Amino acid sequence: MNTISQSKLGINKHHLAVPIGHWLKVAFLALIVLIATRSFIVSPFYNVLAYVEQAMLVFLAMFLLYTLITGFVTKCYKIDFFELTVVLLCILPLQGALASYNEYQQPFIHGILAFKDYYLLVSALFIYYLLKRDIISIKELEQGFMVAALISLAGFYILSLATNPAKYADTIIAGSQTTKGDTIYYRFNMGLIFYGTVYFFILFLKTSGIKHLILTGLFALYIFAFRLDRTSMLATMAALFAAWLIASPRLHKVWSLIYVYLPFLLITVCILMIFPSIYDRISVMFWDAFATLIGENDAAGQAKLRSYEAAIATRQVVEHPILGNGRVSNTWLEGAFDNFYRFFYPSDVGILGTVFVFGVPGTLVLYFPFLLALYVIYSLLLNGVHKALKNKFFISLVFYLFLLFVDGLSNGSQIIFSAQSSIATMAIYFIYQKQNALKKNSLF
(Lines give C-alpha, C1' and ligand atoms only; values in the text may rest on other atoms or scores of the structure.)
Protein backbone atom coordinates (compact mmCIF):
# COMPACT_ATOMS: atom_id res chain seq x y z
CA MET A 1 0.00 0.00 0.00
CA ASN A 2 2.87 2.28 0.91
CA THR A 3 4.61 1.55 -2.39
CA ILE A 4 1.46 2.24 -4.36
CA SER A 5 1.01 5.60 -2.60
CA GLN A 6 4.62 6.60 -3.34
CA SER A 7 4.15 5.60 -6.95
CA LYS A 8 1.03 7.70 -7.19
CA LEU A 9 2.85 10.56 -5.52
CA GLY A 10 5.64 10.26 -8.07
CA ILE A 11 3.19 10.35 -10.94
CA ASN A 12 1.52 13.42 -9.49
CA LYS A 13 4.86 15.17 -9.16
CA HIS A 14 5.64 14.36 -12.77
CA HIS A 15 2.30 15.74 -13.97
CA LEU A 16 2.81 18.89 -11.93
CA ALA A 17 6.36 19.40 -13.30
CA VAL A 18 5.36 19.26 -16.97
CA PRO A 19 2.78 22.09 -16.94
CA ILE A 20 5.12 24.37 -14.96
CA GLY A 21 7.92 23.86 -17.48
CA HIS A 22 5.50 24.29 -20.35
CA TRP A 23 4.09 27.57 -19.09
CA LEU A 24 7.54 28.91 -18.26
CA LYS A 25 8.45 28.38 -21.91
CA VAL A 26 5.19 30.03 -23.02
CA ALA A 27 5.91 33.03 -20.76
CA PHE A 28 9.47 33.25 -22.13
CA LEU A 29 8.21 33.15 -25.74
CA ALA A 30 5.50 35.73 -25.00
CA LEU A 31 8.20 38.05 -23.62
CA ILE A 32 10.38 37.52 -26.71
CA VAL A 33 7.42 38.22 -29.01
CA LEU A 34 6.41 41.36 -27.07
CA ILE A 35 9.93 42.80 -27.21
CA ALA A 36 10.77 41.73 -30.77
CA THR A 37 7.49 42.97 -32.29
CA ARG A 38 7.88 46.22 -30.30
CA SER A 39 4.28 46.08 -29.14
CA PHE A 40 4.67 48.76 -26.43
CA ILE A 41 7.51 50.81 -27.93
CA VAL A 42 5.16 53.63 -29.03
CA SER A 43 3.79 54.15 -25.52
CA PRO A 44 4.53 56.03 -22.28
CA PHE A 45 7.02 53.23 -21.48
CA TYR A 46 9.25 54.14 -24.43
CA ASN A 47 12.32 55.11 -22.38
CA VAL A 48 12.37 51.87 -20.39
CA LEU A 49 11.66 49.69 -23.42
CA ALA A 50 14.45 51.36 -25.40
CA TYR A 51 16.93 49.93 -22.86
CA VAL A 52 15.19 46.54 -22.93
CA GLU A 53 15.51 46.46 -26.73
CA GLN A 54 19.20 47.33 -26.51
CA ALA A 55 19.75 44.44 -24.09
CA MET A 56 17.81 42.19 -26.48
CA LEU A 57 20.00 43.29 -29.39
CA VAL A 58 23.16 42.47 -27.43
CA PHE A 59 21.76 39.01 -26.65
CA LEU A 60 20.87 38.43 -30.32
CA ALA A 61 24.36 39.55 -31.42
CA MET A 62 25.87 37.00 -29.01
CA PHE A 63 23.50 34.34 -30.37
CA LEU A 64 24.59 35.09 -33.95
CA LEU A 65 28.24 34.91 -32.92
CA TYR A 66 27.62 31.57 -31.20
CA THR A 67 25.86 30.08 -34.25
CA LEU A 68 28.64 31.26 -36.57
CA ILE A 69 31.37 29.77 -34.35
CA THR A 70 29.55 26.43 -33.93
CA GLY A 71 28.90 26.36 -37.69
CA PHE A 72 32.61 26.71 -38.45
CA VAL A 73 33.64 24.22 -35.77
CA THR A 74 31.19 21.54 -36.94
CA LYS A 75 31.70 22.49 -40.62
CA CYS A 76 27.93 22.72 -41.01
CA TYR A 77 27.40 25.45 -43.61
CA LYS A 78 24.04 24.35 -44.95
CA ILE A 79 21.21 26.86 -44.56
CA ASP A 80 17.55 26.59 -45.59
CA PHE A 81 15.29 29.14 -47.28
CA PHE A 82 14.28 30.86 -44.06
CA GLU A 83 17.85 31.19 -42.79
CA LEU A 84 18.87 32.56 -46.20
CA THR A 85 16.06 35.12 -45.95
CA VAL A 86 17.36 36.28 -42.55
CA VAL A 87 20.91 36.58 -43.96
CA LEU A 88 19.66 38.79 -46.82
CA LEU A 89 17.58 40.89 -44.43
CA CYS A 90 20.59 41.38 -42.15
CA ILE A 91 22.72 42.61 -45.07
CA LEU A 92 20.12 45.19 -46.11
CA PRO A 93 21.04 47.86 -43.48
CA LEU A 94 24.62 47.80 -44.78
CA GLN A 95 23.24 48.98 -48.11
CA GLY A 96 21.21 51.62 -46.27
CA ALA A 97 24.33 52.84 -44.43
CA LEU A 98 26.23 53.08 -47.72
CA ALA A 99 23.33 54.97 -49.30
CA SER A 100 23.12 57.53 -46.46
CA TYR A 101 26.90 58.07 -46.66
CA ASN A 102 26.63 58.59 -50.41
CA GLU A 103 23.72 61.06 -50.16
CA TYR A 104 24.21 62.82 -46.80
CA GLN A 105 27.86 62.00 -45.92
CA GLN A 106 26.62 60.30 -42.75
CA PRO A 107 29.41 58.16 -41.20
CA PHE A 108 28.92 54.47 -41.93
CA ILE A 109 28.62 53.49 -38.25
CA HIS A 110 25.77 55.98 -37.74
CA GLY A 111 24.09 54.64 -40.86
CA ILE A 112 24.03 51.16 -39.31
CA LEU A 113 22.93 52.47 -35.90
CA ALA A 114 19.93 54.06 -37.61
CA PHE A 115 18.71 50.49 -38.25
CA LYS A 116 19.43 49.03 -34.80
CA ASP A 117 15.74 48.39 -33.99
CA TYR A 118 15.40 46.67 -37.38
CA TYR A 119 17.80 43.93 -36.22
CA LEU A 120 15.24 42.66 -33.72
CA LEU A 121 14.20 40.42 -36.64
CA VAL A 122 17.08 38.10 -35.61
CA SER A 123 14.78 36.99 -32.77
CA ALA A 124 12.93 34.96 -35.45
CA LEU A 125 16.16 33.06 -36.11
CA PHE A 126 16.63 32.50 -32.38
CA ILE A 127 13.13 31.02 -31.98
CA TYR A 128 13.70 28.93 -35.12
CA TYR A 129 16.90 27.57 -33.54
CA LEU A 130 14.94 26.52 -30.43
CA LEU A 131 12.18 24.90 -32.51
CA LYS A 132 14.55 22.87 -34.68
CA ARG A 133 16.24 21.44 -31.59
CA ASP A 134 12.93 20.61 -29.87
CA ILE A 135 13.77 22.94 -26.98
CA ILE A 136 10.36 24.50 -27.51
CA SER A 137 7.34 23.26 -29.47
CA ILE A 138 5.22 24.99 -32.10
CA LYS A 139 2.29 24.67 -29.69
CA GLU A 140 4.21 26.64 -27.05
CA LEU A 141 5.02 29.31 -29.65
CA GLU A 142 1.32 29.50 -30.56
CA GLN A 143 0.41 30.00 -26.91
CA GLY A 144 3.24 32.52 -26.50
CA PHE A 145 1.80 34.55 -29.37
CA MET A 146 -1.66 34.34 -27.82
CA VAL A 147 -0.44 35.52 -24.39
CA ALA A 148 1.54 38.37 -25.97
CA ALA A 149 -1.56 39.49 -27.91
CA LEU A 150 -3.75 39.39 -24.79
CA ILE A 151 -1.17 41.37 -22.77
CA SER A 152 -1.05 43.99 -25.54
CA LEU A 153 -4.83 44.24 -25.66
CA ALA A 154 -5.17 44.59 -21.88
CA GLY A 155 -2.35 47.14 -21.74
CA PHE A 156 -3.76 49.26 -24.56
CA TYR A 157 -7.26 49.29 -23.12
CA ILE A 158 -5.98 50.21 -19.64
CA LEU A 159 -3.82 53.04 -20.99
CA SER A 160 -6.54 54.33 -23.33
CA LEU A 161 -9.29 54.28 -20.68
CA ALA A 162 -7.32 55.18 -17.55
CA THR A 163 -4.80 57.75 -18.83
CA ASN A 164 -5.02 60.91 -20.89
CA PRO A 165 -3.11 60.76 -24.21
CA ALA A 166 -3.37 64.57 -24.51
CA LYS A 167 -0.17 65.02 -22.48
CA TYR A 168 1.69 63.16 -25.26
CA ALA A 169 0.05 65.20 -28.05
CA ASP A 170 3.36 66.73 -29.14
CA THR A 171 5.12 63.36 -29.38
CA ILE A 172 4.93 60.33 -31.65
CA ILE A 173 3.03 58.46 -28.88
CA ALA A 174 -0.28 60.25 -29.54
CA GLY A 175 -1.95 62.07 -32.39
CA SER A 176 -5.15 63.71 -33.59
CA GLN A 177 -6.77 64.77 -36.85
CA THR A 178 -9.72 66.98 -37.75
CA THR A 179 -11.14 64.16 -39.89
CA LYS A 180 -11.10 61.91 -36.82
CA GLY A 181 -13.08 64.32 -34.67
CA ASP A 182 -9.99 66.04 -33.21
CA THR A 183 -9.84 63.19 -30.69
CA ILE A 184 -6.36 62.66 -29.28
CA TYR A 185 -5.56 58.96 -29.39
CA TYR A 186 -2.59 56.70 -28.68
CA ARG A 187 -0.65 55.52 -31.73
CA PHE A 188 0.07 52.07 -30.36
CA ASN A 189 1.63 49.44 -32.61
CA MET A 190 -1.25 47.30 -33.87
CA GLY A 191 0.81 44.23 -34.85
CA LEU A 192 -0.27 41.92 -32.03
CA ILE A 193 -3.78 43.40 -32.02
CA PHE A 194 -4.05 42.28 -35.65
CA TYR A 195 -2.84 38.83 -34.66
CA GLY A 196 -5.28 38.54 -31.76
CA THR A 197 -8.20 39.60 -33.95
CA VAL A 198 -7.41 36.99 -36.60
CA TYR A 199 -6.38 34.21 -34.18
CA PHE A 200 -9.50 34.30 -32.01
CA PHE A 201 -11.70 34.69 -35.10
CA ILE A 202 -10.15 31.52 -36.58
CA LEU A 203 -10.76 29.77 -33.23
CA PHE A 204 -14.39 30.90 -33.38
CA LEU A 205 -14.73 29.55 -36.94
CA LYS A 206 -13.30 26.20 -35.85
CA THR A 207 -15.12 25.81 -32.53
CA SER A 208 -18.11 28.20 -32.58
CA GLY A 209 -17.02 29.19 -29.06
CA ILE A 210 -18.75 32.37 -27.90
CA LYS A 211 -15.73 33.30 -25.73
CA HIS A 212 -13.58 33.36 -28.89
CA LEU A 213 -16.13 35.60 -30.62
CA ILE A 214 -16.13 37.98 -27.63
CA LEU A 215 -12.32 38.17 -27.67
CA THR A 216 -12.38 38.77 -31.44
CA GLY A 217 -14.81 41.63 -30.80
CA LEU A 218 -12.58 43.17 -28.13
CA PHE A 219 -9.53 43.12 -30.41
CA ALA A 220 -11.50 44.48 -33.39
CA LEU A 221 -13.16 47.15 -31.22
CA TYR A 222 -9.76 48.57 -30.30
CA ILE A 223 -8.83 48.90 -33.97
CA PHE A 224 -12.14 50.51 -34.95
CA ALA A 225 -12.97 52.65 -31.91
CA PHE A 226 -9.58 53.54 -30.37
CA ARG A 227 -6.78 53.33 -32.94
CA LEU A 228 -8.77 55.16 -35.66
CA ASP A 229 -6.51 54.15 -38.55
CA ARG A 230 -8.39 53.82 -41.83
CA THR A 231 -6.01 51.38 -43.49
CA SER A 232 -6.05 49.15 -40.40
CA MET A 233 -9.86 49.15 -40.38
CA LEU A 234 -10.19 48.19 -44.05
CA ALA A 235 -7.40 45.58 -43.84
CA THR A 236 -8.99 44.00 -40.75
CA MET A 237 -12.42 43.77 -42.41
CA ALA A 238 -10.87 42.27 -45.56
CA ALA A 239 -8.86 39.71 -43.57
CA LEU A 240 -11.82 38.60 -41.45
CA PHE A 241 -14.08 38.30 -44.49
CA ALA A 242 -11.46 36.28 -46.38
CA ALA A 243 -10.93 34.04 -43.33
CA TRP A 244 -14.68 33.45 -43.09
CA LEU A 245 -14.85 32.51 -46.79
CA ILE A 246 -11.79 30.25 -46.81
CA ALA A 247 -11.45 28.77 -43.33
CA SER A 248 -15.07 28.42 -42.21
CA PRO A 249 -16.86 25.08 -42.83
CA ARG A 250 -19.97 25.33 -45.02
CA LEU A 251 -22.43 24.58 -42.22
CA HIS A 252 -20.67 27.08 -39.97
CA LYS A 253 -21.07 29.75 -42.67
CA VAL A 254 -24.85 29.30 -42.62
CA TRP A 255 -25.05 29.11 -38.80
CA SER A 256 -22.82 32.15 -38.22
CA LEU A 257 -24.58 34.18 -40.91
CA ILE A 258 -28.00 33.63 -39.30
CA TYR A 259 -27.08 33.72 -35.61
CA VAL A 260 -24.04 36.04 -35.49
CA TYR A 261 -23.45 38.31 -38.48
CA LEU A 262 -27.02 39.33 -39.32
CA PRO A 263 -27.84 40.19 -35.66
CA PHE A 264 -24.53 42.07 -35.43
CA LEU A 265 -25.37 44.01 -38.59
CA LEU A 266 -28.82 44.93 -37.22
CA ILE A 267 -27.34 46.07 -33.90
CA THR A 268 -24.74 48.17 -35.75
CA VAL A 269 -27.41 49.84 -37.89
CA CYS A 270 -29.48 50.60 -34.78
CA ILE A 271 -26.47 52.16 -33.02
CA LEU A 272 -25.72 54.34 -36.06
CA MET A 273 -29.34 55.47 -36.18
CA ILE A 274 -29.37 56.31 -32.45
CA PHE A 275 -25.93 57.99 -32.59
CA PRO A 276 -25.65 59.52 -36.10
CA SER A 277 -22.49 61.38 -35.06
CA ILE A 278 -20.60 58.07 -35.27
CA TYR A 279 -21.72 57.60 -38.88
CA ASP A 280 -20.79 61.22 -39.72
CA ARG A 281 -17.36 60.77 -38.19
CA ILE A 282 -16.66 57.57 -40.15
CA SER A 283 -17.91 59.17 -43.39
CA VAL A 284 -15.65 62.19 -42.95
CA MET A 285 -12.64 59.97 -42.21
CA PHE A 286 -12.97 57.86 -45.33
CA TRP A 287 -14.08 60.67 -47.63
CA ASP A 288 -11.00 62.65 -46.57
CA ALA A 289 -8.77 59.72 -47.54
CA PHE A 290 -10.55 59.28 -50.89
CA ALA A 291 -10.48 63.01 -51.67
CA THR A 292 -6.73 63.10 -50.93
CA LEU A 293 -6.22 60.11 -53.23
CA ILE A 294 -8.00 61.75 -56.20
CA GLY A 295 -6.41 65.14 -55.56
CA GLU A 296 -9.47 67.06 -54.36
CA ASN A 297 -8.27 67.74 -50.82
CA ASP A 298 -5.83 70.60 -51.37
CA ALA A 299 -7.21 72.63 -48.48
CA ALA A 300 -6.43 70.04 -45.84
CA GLY A 301 -3.20 70.74 -43.97
CA GLN A 302 -2.52 67.07 -43.35
CA ALA A 303 -3.02 66.30 -47.04
CA LYS A 304 -0.66 69.12 -48.02
CA LEU A 305 1.97 67.80 -45.65
CA ARG A 306 1.71 64.26 -47.08
CA SER A 307 1.90 65.65 -50.62
CA TYR A 308 5.02 67.60 -49.66
CA GLU A 309 6.65 64.47 -48.20
CA ALA A 310 5.58 62.33 -51.16
CA ALA A 311 7.18 64.85 -53.56
CA ILE A 312 10.48 64.61 -51.64
CA ALA A 313 10.39 60.80 -51.64
CA THR A 314 9.51 60.62 -55.36
CA ARG A 315 12.33 62.97 -56.31
CA GLN A 316 14.88 60.98 -54.28
CA VAL A 317 13.63 57.62 -55.59
CA VAL A 318 14.10 58.86 -59.16
CA GLU A 319 17.65 59.98 -58.29
CA HIS A 320 18.57 56.78 -56.35
CA PRO A 321 16.29 53.95 -57.53
CA ILE A 322 18.85 51.18 -56.89
CA LEU A 323 20.75 52.14 -53.74
CA GLY A 324 18.10 54.23 -52.01
CA ASN A 325 18.86 56.94 -49.45
CA GLY A 326 19.16 54.97 -46.20
CA ARG A 327 18.13 56.45 -42.87
CA VAL A 328 19.61 59.44 -41.06
CA SER A 329 20.35 58.71 -37.41
CA ASN A 330 19.42 61.05 -34.56
CA THR A 331 22.71 60.04 -32.94
CA TRP A 332 24.46 61.83 -35.80
CA LEU A 333 22.06 64.73 -36.45
CA GLU A 334 19.28 65.70 -34.06
CA GLY A 335 16.12 65.83 -36.12
CA ALA A 336 17.44 63.35 -38.70
CA PHE A 337 15.85 64.01 -42.14
CA ASP A 338 14.41 67.35 -41.00
CA ASN A 339 17.91 68.81 -41.34
CA PHE A 340 17.79 68.19 -45.10
CA TYR A 341 14.09 68.51 -46.00
CA ARG A 342 12.64 70.79 -43.30
CA PHE A 343 10.04 68.12 -42.46
CA PHE A 344 10.17 64.53 -43.64
CA TYR A 345 9.42 61.07 -42.26
CA PRO A 346 9.67 58.19 -44.81
CA SER A 347 7.01 56.20 -42.91
CA ASP A 348 4.44 58.96 -43.61
CA VAL A 349 4.38 58.02 -47.30
CA GLY A 350 4.15 54.26 -46.79
CA ILE A 351 5.64 51.95 -49.41
CA LEU A 352 7.06 54.96 -51.28
CA GLY A 353 9.04 55.80 -48.15
CA THR A 354 10.33 52.22 -48.01
CA VAL A 355 11.62 52.53 -51.60
CA PHE A 356 13.11 55.90 -50.61
CA VAL A 357 15.13 54.16 -47.86
CA PHE A 358 16.20 50.94 -49.60
CA GLY A 359 15.67 51.49 -53.32
CA VAL A 360 13.65 49.13 -55.52
CA PRO A 361 15.86 45.99 -55.15
CA GLY A 362 16.22 46.53 -51.39
CA THR A 363 12.45 46.89 -50.95
CA LEU A 364 11.95 43.53 -52.70
CA VAL A 365 14.45 41.96 -50.28
CA LEU A 366 12.65 43.57 -47.33
CA TYR A 367 9.45 41.84 -48.42
CA PHE A 368 11.10 38.42 -48.82
CA PRO A 369 9.31 37.06 -45.71
CA PHE A 370 5.95 37.60 -47.43
CA LEU A 371 7.24 35.99 -50.63
CA LEU A 372 8.53 33.00 -48.66
CA ALA A 373 5.14 32.61 -46.97
CA LEU A 374 3.45 32.67 -50.41
CA TYR A 375 5.88 30.02 -51.65
CA VAL A 376 5.06 27.80 -48.65
CA ILE A 377 1.29 28.09 -49.19
CA TYR A 378 1.66 27.39 -52.94
CA SER A 379 3.94 24.42 -52.29
CA LEU A 380 1.54 22.91 -49.74
CA LEU A 381 -1.39 23.19 -52.14
CA LEU A 382 0.65 21.88 -55.07
CA ASN A 383 1.92 18.84 -53.18
CA GLY A 384 -1.41 18.00 -51.60
CA VAL A 385 -0.24 18.61 -48.03
CA HIS A 386 -3.51 20.00 -46.67
CA LYS A 387 -3.03 19.22 -42.97
CA ALA A 388 -1.06 22.41 -42.34
CA LEU A 389 -3.81 24.41 -44.05
CA LYS A 390 -6.23 23.12 -41.39
CA ASN A 391 -3.92 24.12 -38.53
CA LYS A 392 -5.50 27.11 -36.74
CA PHE A 393 -2.11 28.62 -35.87
CA PHE A 394 -0.90 28.28 -39.46
CA ILE A 395 -4.07 29.87 -40.89
CA SER A 396 -3.95 32.68 -38.32
CA LEU A 397 -0.35 33.48 -39.27
CA VAL A 398 -1.28 33.58 -42.97
CA PHE A 399 -4.04 36.16 -42.41
CA TYR A 400 -1.85 38.01 -39.89
CA LEU A 401 0.80 38.41 -42.60
CA PHE A 402 -1.91 39.63 -44.97
CA LEU A 403 -2.90 42.30 -42.44
CA LEU A 404 0.73 43.35 -41.86
CA PHE A 405 1.35 43.59 -45.60
CA VAL A 406 -1.72 45.73 -46.34
CA ASP A 407 -1.22 47.95 -43.28
CA GLY A 408 2.46 48.38 -44.13
CA LEU A 409 1.64 49.79 -47.56
CA SER A 410 0.41 52.99 -45.90
CA ASN A 411 2.93 53.37 -43.06
CA GLY A 412 6.18 51.65 -44.06
CA SER A 413 6.11 49.62 -40.83
CA GLN A 414 8.15 46.79 -42.34
CA ILE A 415 11.33 48.81 -41.69
CA ILE A 416 10.54 49.62 -38.06
CA PHE A 417 8.70 46.42 -37.09
CA SER A 418 10.51 43.88 -39.30
CA ALA A 419 10.40 41.18 -36.60
CA GLN A 420 6.61 40.95 -36.90
CA SER A 421 6.65 39.45 -40.39
CA SER A 422 9.92 37.54 -39.80
CA ILE A 423 8.62 35.61 -36.76
CA ALA A 424 5.29 34.83 -38.45
CA THR A 425 7.02 33.62 -41.63
CA MET A 426 9.44 31.52 -39.57
CA ALA A 427 6.55 29.73 -37.83
CA ILE A 428 4.80 29.12 -41.17
CA TYR A 429 8.00 27.74 -42.68
CA PHE A 430 8.65 25.49 -39.68
CA ILE A 431 5.12 24.01 -39.85
CA TYR A 432 5.65 23.49 -43.58
CA GLN A 433 8.92 21.61 -42.96
CA LYS A 434 7.27 19.40 -40.33
CA GLN A 435 4.39 18.53 -42.66
CA ASN A 436 6.81 17.71 -45.50
CA ALA A 437 8.81 15.45 -43.18
CA LEU A 438 5.63 13.63 -42.07
CA LYS A 439 4.56 13.15 -45.69
CA LYS A 440 7.96 11.70 -46.68
CA ASN A 441 7.96 9.32 -43.70
CA SER A 442 4.47 8.09 -44.59
CA LEU A 443 5.75 6.99 -47.99
CA PHE A 444 8.17 4.46 -46.49
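The values are calculated or read from the model by the stated rules, or taken from the named source; none is laboratory data. Computed from a predicted model, the values in this text were never measured in an experiment. In this analysis, Cβ positions are derived from the backbone assuming ideal geometry, glycine residues included, and neighbour counts consider all displayed protein chains. Ligands, DNA and RNA are excluded from the accessible area calculation, which covers all protein heavy atoms including side chains. Shrake-Rupley method; radii C 1.70, N 1.55, O 1.52, S 1.80 Å.
Just a few scattered comments:
- Over 25 Å (Cα to Cα) - which of LYS78/LYS434; LYS75/LYS139; LYS75/LYS132; LYS25/LYS392; LYS116/LYS139; LYS139/LYS211 fall in this group: LYS75/LYS139; LYS116/LYS139
- Residues listed by number, the stretch 310-325, amide nitrogen under 20 Å from PHE108 label point at 7 Å toward C-beta: 323-325
- PHE45-THR314 pseudo-label distance in nm [points 7 Å out on the Cα-to-Cβ vector]: 4.2
- Cα-based shape type of the stretch 311-444, given that a ≥ b ≥ c are square roots of the gyration tensor eigenvalues and the cut on a/c is 1.5: prolate
- With the simple spin-label model, which puts each label point 7 Å out from Cα in the Cβ direction, the MET237 to ARG133 separation comes to 4.8 nm.
- Linear extension gain, VAL360 paired with ALA55, 0.36 nm per residue minus alpha-carbon span: 106.6 nm
- The stretch 104-225 - convex hull of the alpha-carbon atoms, volume per residue in Å³: 176
- Packing-based order for 208-218, 358-368, using average beta carbon neighbours within 10 Å, highest first: 358-368, 208-218
- Gyration tensor (alpha-carbon) shape descriptor, the stretch 30-110, a/c threshold 1.5: oblate
- Taking 0.36 nm per residue of sequence separation and removing the Cα-Cα distance, the SER176/TYR101 pair yields an extension gain of 23.5 nm.
- Under Karplus coefficients 6.51, -1.76 and 1.60, residue-wise ³J(HN,Hα) of the stretch 105-114 in Hz, glycine/proline x: 6, 6, x, 4, 5, 5, x, 6, 4, 5
- Stretchable slack from ASN436 to PHE81, in nm (0.36 nm times residue separation minus alpha-carbon distance): 126.4 nm
- Listed residues ASP407, ASP134 arranged by accessible area, highest first, probe 1.4 Å: ASP134, ASP407
- Distance between modelled label sites at LEU88 and SER307, nm, 7 Å Cα→Cβ extension: 3.8
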